[in-house]
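Down below is the structure, laid out as structure tokens.
The values are calculated or read from the model by the stated rules, or taken from the named source; none is laboratory data. Everything numeric here is computed off the predicted structure, so don't read it as measured data. Cβ coordinates were reconstructed from backbone atoms using ideal geometry, including for glycine residues, and neighbour counts include every protein chain displayed.
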């Protein structure tokens, strides 16, 4: 039970990270390799506001999310939309986007190193024990999990019940057909990319309550988000959530029972198994 609950707490945080990349890749068709740097940005912002002014990270997210949304909208409009316009196929767009965002990740790391230095950073917030099912857990992890559940539920409901959300889902399924029914694909793609960045930065602010971060750790979270998105099915929110929780439980089990140093290897082993036996992902469609 202890492994299950701890794994769910970790998986909830992973779900936020992967949800952002899923919106960017599944809808905007941008494989954003700078996704992890946006998470570190959110963590830096929460760390700075808490240590400088004792502002709760739970309040910081209401500042981080709009800032990250605006930042990602500008990145998409200035750097990525020209790539979308000139691409003759989805494959060409993916290659161009990978190269562009790979460079963007290095630029982002350099900026954060210049602003904050290369030291690891963490802080103590809600770092007190609570008892669940007879075992003791950290309150900050439980709080981050509850926040992740609320955010994921809100995104899922928005995508399935609102008109913009349904239009975004239509773009994910058939972008060419979406244009034929009057959907403004470029605007909604920019919206999806910006929203994905805002969700990722929010996840960084929540993770910073119990994770030690530095300017160069973003790549680790980018890789984990990519694994989760492909495991769950590109463009499918349900699959992202299930895959994130499964990965959190697997990593916790491996760390507790086998060896903490093998958690990343276990994650990639699960990824390979999914690719071999269900390449479209847990909830993906055949041929997707």
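Miscellaneous remarks
- Candidates 79, 49: the one that is assigned to a helix (DSSP H, G or I) and either surrounded by fewer than 17 Cβ atoms within 10 Å (Cβ to Cβ) or touching a strand residue (DSSP E or B) at 6+ places or on another chain (Cβ under 7 Å) (or both) is 79.
Each row is one residue, and each column tells you yes or no for (1) on the phi > 0 side of the Ramachandran plot; (2) buried (at least 24 other Cβ atoms within 10 Å of the Cβ).
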{"site": "168", "(1), (2)": "no, yes"}
{"site": "216", "(1), (2)": "no, no"}
{"site": "219", "(1), (2)": "no, no"}
{"site": "223", "(1), (2)": "no, no"}
{"site": "235", "(1), (2)": "yes, yes"}
{"site": "258", "(1), (2)": "no, no"}
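- Taking the conditions (1) in contact (Cβ under 8 Å) with a residue 60 or more places away in the chain; (2) under 24 Å from residue 88 (Cβ atoms); (3) surrounded by fewer than 20 Cβ atoms within 10 Å (Cβ to Cβ) in turn, residue 211 satisfies each one other than (2).
- Helices (runs of 4 or more DSSP H) fully within segment 218-277 counting 3 or more residues that are in contact (Cβ under 8 Å) with a residue 60 or more places away in the chain and within 20 Å of residue 200 (Cβ to Cβ): 218-232, 237-253
- Taking the criterion of being in contact with a helix residue (DSSP H, G or I) (Cβ under 7 Å, 6 or more places away or on another chain) and either within 14 Å of residue 200 (Cβ to Cβ) or assigned to a loop (DSSP other than H, G, I, E, B) (or both), the only residue of segment 82-94 that qualifies is 87.
- Segment 171-208, residues that are part of a helix (DSSP H, G or I), without any contact (Cβ under 8 Å) to a residue 40 or more places away in the chain and either over 21 Å from residue 97 (Cβ atoms) or touching a strand residue (DSSP E or B) at 6+ places or on another chain (Cβ under 8 Å) (or both): 177, 180
- Filter pass, residue 17 being within 26 Å of residue 236 (Cβ to Cβ), touching a helix residue (DSSP H, G or I) at 6+ places or on another chain (Cβ under 7 Å) and not in a helix (DSSP H, G or I): no
- Sole exception among (1) closer than 27 Å to residue 63 by Cα; (2) surrounded by fewer than 19 Cβ atoms within 10 Å (Cβ to Cβ); (3) at pLDDT below 90 for residue 146, by number: (3)
- Any chance residue 220 is in contact with a helix residue (DSSP H, G or I) (Cβ under 8 Å, 6 or more places away or on another chain), closer than 13 Å to residue 38 by Cα and at pLDDT below 90: yes
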